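**Student:** Okay, here's the structure, questions in a sec.
Readers should treat all values here as calculations from the given coordinates under stated rules, not as data from a laboratory. Bear in mind that the values here come from a model prediction, so they are computed numbers and not experimental data. Backbone-built Cβ (ideal geometry, glycine too); neighbour counts: all protein chains shown.
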C-alpha cells in the first residue's frame, strides 16, 4: 500500500526515514521508505499508464532504500540512447518521500 500524498522535498536521509516512520495516515502507523524495486514498479505502472484511477503525483525524485545500504534520493530516467522500458536510477541530492506499508 502506497501513501497517496507525499512529503515536502527532503535533503537528508535521516529526515526522510523519520518522515516515513512518523507518518500516520489512513488509520495506519507502520509506514516506511520504499525499496528501489518498489519505487521502480510504481514508476513503470505510471509509465505504462496502468495506474487506473490513481491520481498520485509521481514525477520528481523520491527517497528509497535497499537492504544494508543507506537511503538514496533519485528518479528513474530513460537514457537518451535507448527506447522502451529501460530506465536508470539517477541519484539526486533531495527528494520527496512517498511511504509504503509492509
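**Student:** Whole Å is fine, so just give me how far the alpha carbon centre of the range 86-102 lies from that of the range 1-51.
**Tutor:** If we compute the Cα centre of each part, the gap is 8 Å.
**Student:** Given 0.36 nm per residue, what is the gain on full extension from residue 22 to residue 69 after removing their alpha carbon distance, in nm?
**Tutor:** 14.8 nm
**Student:** Spin-label point model (7 Å from Cα, Cβ direction): what's the residue 14 to residue 40 distance in nm?
**Tutor:** Each label point is offset 7 Å from its Cα along the Cβ direction, giving 3.0 nm.
**Student:** Which length gain, in nm to one decimal place, applies between residue 87 and residue 101 when the Cα-Cα distance is subtracted from 0.36 nm times their residue separation?
**Tutor:** In short, 2.6 nm is gained.
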